[in-house]
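To start, the structure under review is shown below, and the notes come after it.
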Amino acid sequence: MYQLLDAVPDNKIAYIIVYIQGLMIVDREVPNKDTVAAFEEGDQMLAAGSGQRYADSTALFADLEA
């Protein structure tokens, strides 16, 4: 293992460390069925070109507060 790490250039070793750390994360959150359904609905709206579109965040928040 150490021979492999010694072969990695110093400017790339951080990428290897981050990758190995990512392998150790096992408690990743999995979206529930409602979240997956919302993602699918959003994808369908994008594909169909439907849904409300906003040019700026002020109009979006005004509608959300109404």
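Every number here is computed from the coordinates shown, using simple stated rules; none is lab data. Please read all numbers here as calculations on a predicted model, not as lab measurements. Note: ideal-geometry Cβ built from the backbone for every residue, glycine included; neighbour counts use all protein chains shown.
Can you figure out the FRET efficiency of Ala66 with Ile25, using R₀ = 35 Å and their beta-carbon distance, to the nearest 0.05?
0.30
Between 0 and 90 degrees, rounded to the nearest ten: what's the tilt of helix 33-48 against the longest Cα principal axis of the chain?
70 degrees
Between Tyr15 and Thr58, what is the label-to-label distance in nm when each label sits 7 Å out along the Cα-to-Cβ direction?
Those two pseudo-labels are separated by 4.5 nm.
If you work out Cα extents along the principal axes in Å from the coordinates, which of [x] 61, 29, 25; [y] 26, 22, 18; [z] 42, 17, 15 do you get?
It is the one labelled [x].
Tell me the angle of helix 13-24 to the major Cα principal axis of the chain, expressed in degrees between 0 and 90 and rounded to the nearest ten.
Once rounded, the angle reads 70 degrees.
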